[in-house]
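The values are calculated or read from the model by the stated rules, or taken from the named source; none is laboratory data. This is a predicted model, so every value here is computed, not measured. Cβ sites come from the backbone with ideal geometry, for glycine too, and all protein chains shown count toward neighbours. Calculation scope for accessible area: heavy atoms of the full protein, side chains included, ligands and nucleic acids excluded. Shrake-Rupley method; radii C 1.70, N 1.55, O 1.52, S 1.80 Å.
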Amino acid sequence: MATAAADVDLVNRALALLGVEAITSLADTSKPAATASVLFDDTRASVFRAHPWNCLIKRASLAQDAVAPAYGYTYKYALPADYLRLINIENDLENFQIENGFILYDEDTLNIKYVALDTDVTKYDPLLKDALAARLAYELAQPLLQSTSAMADMFNLYETKLKEARYVDAQENCYETLEADYFIESRQGLNRPNIETPPRK
């Protein structure tokens, strides 16, 4: 399967950064393959949530759930199965709440723009692939090398790659974006609750 092969290619980019021998399949019994198989999906989702990547954006009209919220809102709508992060709600940026896989909302129609979990690596922006490979290398450094210095090096590389990818990605939109990367800032002990992701039109 092309997607499986692309997953392996991405993992091998991460392993190459660590000086670890390449794998042929995530189903291999080798330690690098078994470890990457455990970490790959969650790591990818974390990187995807770090920024509203243009190549991952989707729009959807959500269907009302048959059961209304107990209080506070009139309707609730199930989030898409591939939902990762909300970018905006059409015509309303404030009066909603996300809870347990649903959006609670007072209007009888709901259109959203969101970051989707697209598992087809071939569709990713090249700079996003670079950032994801670096993040995978960071996650794999300790279990494969037992090296805190390698972890630090890979984290610094991830930070650099992520900044570059986000900057270029933002250039393809008609507004300036100021965002907090919560993974990076939590590592640096920063807390900037006043910074939010601007809605995309």
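Below, the figures for the structure above:
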{"read-out": "Breaking point among (1) of a type in the set (A, V, I, L, M, F, W, C); (2) part of a helix (DSSP H, G or I); (3) open to solvent by less than 50 Å² (accessible area, probe 1.4 Å); (4) within 30 Å of Y167 (Cα to Cα), for A34", "value": "(4)"}
{"read-out": "Lone qualifier among V11, V20 - being of a type in the set (V, I, T), surrounded by 14 or more Cβ atoms within 10 Å (Cβ to Cβ), in contact (Cβ under 8 Å) with a residue 60 or more places away in the chain and over 14 Å from T119 (Cα atoms)", "value": "V20"}
{"read-out": "In segment 103-121, the residues that are under 19 Å from the mean Cα position of the chain (by Cα) and either open to solvent by 40 Å² or more (accessible area, probe 1.4 Å) or within 30 Å of V8 (Cβ to Cβ) (or both)", "value": "Y114, V115, A116, L117, D118, T119, D120, V121"}
{"read-out": "Those residues of segment 56-85 which are surrounded by 14 or more Cβ atoms within 10 Å (Cβ to Cβ) and either under 19 Å from K123 (Cα atoms) or within 11 Å of the chain's Cα centre (by Cα) (or both), in sequence order", "value": "L56, I57, K58, D82, Y83, L84, R85"}
{"read-out": "Members of segment 10-31 that are in a helix (DSSP H, G or I) and under 18 Å from Q142 (Cβ atoms)", "value": "V11, A14, L15, A16, L17, L18, K31"}
